[in-house]
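The values are calculated or read from the model by the stated rules, or taken from the named source; none is laboratory data. Bear in mind that the values here come from a model prediction, so they are computed numbers and not experimental data. Here Cβ is always computed from backbone atoms with ideal geometry, including for glycine, and neighbour counts include all displayed protein chains.
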């Protein structure tokens, strides 16, 4: 009987460790994307939450419409990359949990 409990305990501990690794990986995930002109750099977290916007002097050469479009496109690309990274981590987690 104690062997069954020990096995259950080891399995639970291994799953908890896997869950903690996922949490740590998601917490650490940061994606930074810079637009083609190098004028706008956006950093987001695993949930695509905006963390930072960095602008260079090059934005002064853009029209307001160009700036707005570049800002939105850069943020969208950063968000897509972050969400893809999160999805990969979750897929890996699910594979480990289903072994």
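Some points to look at:
- Qualifying positions in segment 53-80 - more than 11 Å from residue 40 (Cβ to Cβ) and surrounded by 16 or more Cβ atoms within 10 Å (Cβ to Cβ): 79
- Of everything listed in (1) without any contact (Cβ under 8 Å) to a residue 40 or more places away in the chain; (2) under 18 Å from the mean Cα position of the chain (by Cα), the single unmet condition for residue 66 is (2).
- Flag for residue 62 being modelled with pLDDT under 95 and in contact with a helix residue (DSSP H, G or I) (Cβ under 7 Å, 6 or more places away or on another chain): no
- The number of residues in segment 29-53 that are out of contact with any strand residue (DSSP E or B) (no Cβ under 9 Å at 6 or more places or on another chain) and closer than 25 Å to residue 93 by Cβ comes to 2.
- Residue within segment 23-31 that is under 21 Å from the mean Cα position of the chain (by Cα) and assigned to a strand (DSSP E or B) present: yes
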